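Each remark here refers to the structure printed beneath this line.
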Amino acid sequence: MVGAGVLSLPYAMAELGWGPGVTVLILSWIITLYTLWQMVEMHEMVPGRRFDRYHELGQYAFGEKLGLYIVVPQQLIVEVGVCIVYMVTGGKSLQKFHDTVCSTCKHIKLTYFIMIFASVHFVLSHLPNFNSISGVSLAAAVMSLSYSTIAWGASVDKGVQPDVQYGYKAKTTAGTVFNFFSALGDVAFAYAGHNVVLEIQATIPSTPEKPSKGPMWRGVIVAYIVVALCYFPVALVGYWMFGNSVQDNILISLEKPAWLIAMANMFVVVHVIGSYQIYAMPVFDMMETVLVKKLNFKPSTTLRFIVRNLYVAFTMFIGITFPFFGGLLGFFGGFAFAPTTYFLPCVMWLAIYKPRKFSLSWWTNWICIVFGLMLMILSPIGGLRQIILQAKDYEFYS
């Protein structure tokens, strides 16, 4: 759950301000924990059946056809969106690593670093399956904990900047409002474990006496405590030390001690390599299924080779074209993560359990749905505006 989204939290805080920022962080933490609980509960609500995929649950709630059309496109957007953002993150962290370790070297363009990062995936994508996924996950978990800790630890060490300001950066009211929307998307992007929670629960053995939701819920609680320990210090300390001059990726704001920051950026690269593969797997699966079942291609190594390379090349190309970490986060966070994380579980819950009108459960779900819908409509507007503003001064492929 602790993804590279945590690095943009100080920047989101700078666009939200102290009061709203803390409120949004805590609200998101509570709402996503609640929707996660709903998904853990719904995994085995039909005796003798387990919903192992998000879209299976969707088909049960909304009907065979409609369920697929509601859930699958959103999951695809989430998975492709994460892959694109991770291309940019990986490239930026490699660049920062290079600049920190060797400050006198010739400046190398970000485009090349994204290409270097993508080259790893042209190889990794062809691994037949992820038997060692637990190893990858463990490495990624250790990495994300380490770089979160380094991010706020190094900020504390650096101390409050002499000319620190906590006001909004934008000069105009419109700018402030749009930045506010975009920051909501940044926060939504950081809380995004819901797309894989059912697949994870599917691996836990279950009997009628001991359903899988027991151990799964305990795991979720532990995960959320860790999430709070990673997210809140980074967001609050990062903003407190740098104020509104913080970069959209906190590790880029920090300079000293050089070896520590270089190490943190390397951790990010390793973590993002693993995460990219995890999110790309379902997309490969879907594309290959469609090609073989619907378009009657022969399943072969050649087919797989071509499809996977094309996908990696596609995400790399988009990443090189729009290498704006903050804007992309806001855009995808609101557009794709808000539905699957904040309100789809609530809609399914209402459709399946049909709680009494105006009861506590009914109110809770509707509040989450309204909050999530606002997020979904507003954040992409802010994120898109940021991308456009940054693209104005940016020479493409320069």
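Condition first: farther than 27 Å from L68 by Cβ, surrounded by fewer than 23 Cβ atoms within 10 Å (Cβ to Cβ) and out of contact with any Ser or Thr (no Cβ under 8 Å at 6 or more places or on another chain). Can you find one or more residues in the stretch 369-378 that meet it? Yes, the stretch 369-378 contains at least one residue that is farther than 27 Å from L68 by Cβ, surrounded by fewer than 23 Cβ atoms within 10 Å (Cβ to Cβ) and out of contact with any Ser or Thr (no Cβ under 8 Å at 6 or more places or on another chain).
Of everything in the stretch 379-398 that is surrounded by 11 or more Cβ atoms within 10 Å (Cβ to Cβ) and polar (S, T, N, Q), the residue that is nearest to L16 (Cα to Cα) is S379.
Each residue in the stretch 244-279 was checked for being modelled with pLDDT under 85 and over 27 Å from C83 (Cβ atoms), and 6 pass. Of the residues making up the stretch 225-270, those that are of a type outside the set (V, I, T), buried (at least 20 other Cβ atoms within 10 Å of the Cβ) and closer than 19 Å to A140 by Cα number 7. Looking at this structure, is S182 open to solvent by less than 60 Å² (accessible area, probe 1.4 Å), hydroxyl-bearing (S, T, Y) and over 30 Å from L373 (Cα atoms)? No; evaluated as a whole, the condition is false for this residue.
For the stretch 157-179, how many residues meet the condition of being polar (S, T, N, Q) and open to solvent by less than 60 Å² (accessible area, probe 1.4 Å)?
Of the residues in that region, 3 qualify.
Can you find a residue that is hydrophobic (A, V, I, L, M, F, W, C), open to solvent by 60 Å² or more (accessible area, probe 1.4 Å) and in a helix (DSSP H, G or I) anywhere in the stretch 141-151? Talk me through it step by step, then tell me what you get.
From the stretch 141-151, those hydrophobic (A, V, I, L, M, F, W, C) are 141-143, 145, 150-151; that's our starting set.
With the extra rule that they be open to solvent by 60 Å² or more (accessible area, probe 1.4 Å), the set shrinks to 142, 145.
From what's left, in a helix (DSSP H, G or I): 142, 145.
Yes, there is a match, as at least one residue in the stretch 141-151 is hydrophobic (A, V, I, L, M, F, W, C), open to solvent by 60 Å² or more (accessible area, probe 1.4 Å) and in a helix (DSSP H, G or I).
Where helices (runs of 4 or more DSSP H) fall wholly inside the stretch 301-359, the ranges with 1 or more residues that are under 26 Å from P10 (Cβ atoms) are 301-321, 325-332. Residue check: P323 meets all listed conditions (1) buried (at least 16 other Cβ atoms within 10 Å of the Cβ); (2) over 18 Å from S119 (Cβ atoms); (3) in contact (Cβ under 8 Å) with a residue 60 or more places away in the chain but one, namely (2). Residues in the stretch 159-174 that are outside any loop (DSSP other than H, G, I, E, B) and under 28 Å from the mean Cα position of the chain (by Cα): A174 alone.
Just wondering, is there one or more residues in the stretch 101-112 that are within 27 Å of M287 (Cβ to Cβ), part of a helix (DSSP H, G or I) and either in contact (Cβ under 8 Å) with a residue 24 or more places away in the chain or out of contact with any His (no Cβ under 9 Å at 6 or more places or on another chain) (or both)? Yes, because at least one residue in the stretch 101-112 is within 27 Å of M287 (Cβ to Cβ), part of a helix (DSSP H, G or I) and either in contact (Cβ under 8 Å) with a residue 24 or more places away in the chain or out of contact with any His (no Cβ under 9 Å at 6 or more places or on another chain) (or both). Go through the stretch 202-224 and give me each residue that's open to solvent by less than 70 Å² (accessible area, probe 1.4 Å) and within 21 Å of I30 (Cβ to Cβ). Result: M216, G219, V220, I221, A223, Y224. Looking only at the stretch 231-287, which residues are among the polar types (S, T, N, Q) and either farther than 24 Å from I114 by Cβ or touching a Lys or Arg at 6+ places or on another chain (Cβ under 7 Å) (or both)? The answer is N244, S245, N249, N265.
Of the residues making up the stretch 79-95, not a single one is surrounded by fewer than 17 Cβ atoms within 10 Å (Cβ to Cβ), in a helix (DSSP H, G or I) and either in contact (Cβ under 8 Å) with a residue 60 or more places away in the chain or under 21 Å from the mean Cα position of the chain (by Cα) (or both). Of the helices (runs of 4 or more DSSP H) lying entirely inside the stretch 6-66, those containing at least 1 residues that are open to solvent by 10 Å² or more (accessible area, probe 1.4 Å) and without any contact (Cβ under 8 Å) to a residue 60 or more places away in the chain are 18-42, 54-62.
The values are calculated or read from the model by the stated rules, or taken from the named source; none is laboratory data. What you are looking at is a predicted structure, and each value in this text was computed from that prediction instead of being measured. A quick note on method: Cβ atoms are made from the backbone with ideal geometry, for glycine too, and the neighbour counts reach across all protein chains shown. SASA here: full protein model, heavy atoms, side chains in, ligands and nucleic acids out. Shrake-Rupley method; radii C 1.70, N 1.55, O 1.52, S 1.80 Å.
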